[in-house]
């Protein structure tokens, strides 16, 4: 029974990895389930044992990659205890993950946004969990008297992510990368830090 479960898990993961590769290369709408099956080295019908349709595969790709991003971000941030440095670290890790996983960057920045079903119907719990990591940093800074008390974490986390997301989108759509990960992370995070840090009286 255990071996059967492991084989089942292996096929599920193979299909997700294959879908990520196919979506990044051909685009979500131009990709066929048969192409994903071929890339995953499974029969076409096997896909439907795990997923309802192509949209379901796209959602599973999103969830799988977001779980990895959340785990990686929490692991890296646990190494630091200074809220200011955590903001810089968050920015660097986020942008670095984009550059290290080009296929995911392509799907996240282009294909997900073109899926009206995904944008309209999917409850993005993993996305909210990811943003809430940043909220935790802000609250920690407020509790330590480093950040202004009147900062709304709901606003700042979306604004910060928006800045990082736009840089990632630029890298995906641009033919040349003019800004390094370190430079981008430092400048984006410093702008936000200056806006939320308490002034010394």
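The values are calculated or read from the model by the stated rules, or taken from the named source; none is laboratory data. Keep in mind that what you see is a predicted model, and the values were worked out from it rather than measured. Neighbour counts are summed over all protein chains in view; Cβ atoms, including those assigned to glycine, are modelled from backbone coordinates with ideal geometry.
So which of 98, 138 ends up being modelled with pLDDT of 90 or more and either buried (at least 17 other Cβ atoms within 10 Å of the Cβ) or on the phi < 0 side of the Ramachandran plot (or both)?
Every option except 138 fails the conditions.
If you take the residues of the range 43-58 that are in contact with a helix residue (DSSP H, G or I) (Cβ under 6 Å, 6 or more places away or on another chain) and over 20 Å from residue 110 (Cα atoms), which of them is surrounded by the most Cβ atoms within 10 Å (Cβ to Cβ)?
47
Has the range 113-121 got any residue that is assigned to a helix (DSSP H, G or I) and either within 19 Å of residue 188 (Cβ to Cβ) or within 12 Å of the chain's Cα centre (by Cα) (or both)?
No, because not a single residue in the range 113-121 is assigned to a helix (DSSP H, G or I) and either within 19 Å of residue 188 (Cβ to Cβ) or within 12 Å of the chain's Cα centre (by Cα) (or both).
Restricting to the range 64-103, name every residue that is within 20 Å of residue 27 (Cβ to Cβ) and either in a helix (DSSP H, G or I) or out of contact with any helix residue (DSSP H, G or I) (no Cβ under 8 Å at 6 or more places or on another chain) (or both).
Those that are within 20 Å of residue 27 (Cβ to Cβ) and either in a helix (DSSP H, G or I) or out of contact with any helix residue (DSSP H, G or I) (no Cβ under 8 Å at 6 or more places or on another chain) (or both): 64, 65, 98, 102, 103.
Does the range 129-154 hold any residues that are part of a helix (DSSP H, G or I) and without any contact (Cβ under 8 Å) to a residue 12 or more places away in the chain, and which are they?
Once the filter is applied, which keeps residues that are part of a helix (DSSP H, G or I) and without any contact (Cβ under 8 Å) to a residue 12 or more places away in the chain, the range 129-154 yields 136, 142, 143.
Per-residue answers, yes or no, for (1) more than 20 Å from residue 139 (Cβ to Cβ); (2) at pLDDT 95 or above:
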site: 167; (1), (2): yes, no
site: 181; (1), (2): yes, no
site: 190; (1), (2): yes, yes
site: 194; (1), (2): no, yes
site: 200; (1), (2): yes, no
